[in-house]
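The values are calculated or read from the model by the stated rules, or taken from the named source; none is laboratory data. This is a predicted model, so every value here is computed, not measured. Every residue, glycine as well, gets a Cβ built from its backbone with ideal geometry; the counts of neighbours run over all protein chains shown. Heads up: the accessible areas ignore ligands, DNA and RNA and are worked out on the full protein's heavy atoms, side chains in. Shrake-Rupley method; radii C 1.70, N 1.55, O 1.52, S 1.80 Å.
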Amino acid sequence: MSGAEGKPPVMEQRTVLTYTDELTPELQRYIAALMEGRITGHRCPACGRVYVPGKGFCPLDMTLTTERDEVAVSDRGVVTGFTLIAPVAYPGQQQTEPFVYASVLLDGASSVLAGMEAGQDIIGIARDQIRPGMRVRAVWKPPAERSMDDITSRGWGCLAGVIAGFTPTGEPDAEPSYYRGSLV
């Protein structure tokens, strides 16, 4: 079957697909803690490193972790590196002004917020004042405004549903030796 001028007929139809997946038990507990205003991670029983969020295994030595290995970490930490992003206009783009995404090493964690938590907003300070080593703290959204509806087991969703961003604490900067090796 062919259409006008010998071309196959084309039917244009926009389709919306909604995916629903089951969250892992680790993510369910992580979300529950975030909604209560707490951040948790998993401490590897073999190497002792703490990862946020916990995945059920240590990504370094592949040791399994369980609910017994969950630990609380601070909502304070150190900026280890950052990127200034100048948005390029495209359909659906929400950000129009330059902004900063930073890697944050939380006190009590062994690596920066990873996976779905990467790229934290730094707020309450001019972009040109942000620096590696700067001590920051989470600015939690009010409990009634917190939502983790966009989180998935595939790595989507982030702290933005519960934390408005990280703001400087005013404490002295951390020494580079403290966060060296935690830049990503």
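Remarks
- Consider segment 152-184 and keep the residues that are modelled with pLDDT of 80 or more, under 15 Å from the mean Cα position of the chain (by Cα) and open to solvent by 40 Å² or more (accessible area, probe 1.4 Å). The one that is farthest from residue 126 (Cα to Cα) is 160.
- Subset of segment 102-151 [touching a helix residue (DSSP H, G or I) at 6+ places or on another chain (Cβ under 8 Å), within 24 Å of residue 36 (Cβ to Cβ), assigned to a loop (DSSP other than H, G, I, E, B) and open to solvent by less than 50 Å² (accessible area, probe 1.4 Å)]: 113, 146, 147, 148, 151
- Of the residues making up segment 60-88, those that are under 21 Å from residue 31 (Cβ atoms) and out of contact with any strand residue (DSSP E or B) (no Cβ under 8 Å at 6 or more places or on another chain) are 66, 67, 68.
Matching residues to (1) open to solvent by 30 Å² or more (accessible area, probe 1.4 Å); (2) in a loop (DSSP other than H, G, I, E, B):
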| residue | (1), (2) |
| --- | --- |
| 18 | yes, yes |
| 26 | yes, no |
| 34 | no, no |
| 61 | yes, yes |
| 72 | yes, no |
| 79 | no, no |
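- Restricting segment 44-56 to residues that are closer than 22 Å to residue 151 by Cα and touching a helix residue (DSSP H, G or I) at 6+ places or on another chain (Cβ under 8 Å), the residue that is most open to solvent (accessible area, probe 1.4 Å): 55
- Test: residue in segment 82-101 that is touching a Leu at 6+ places or on another chain (Cβ under 7 Å), open to solvent by less than 90 Å² (accessible area, probe 1.4 Å), at pLDDT below 90 and closer than 21 Å to residue 182 by Cβ: yes
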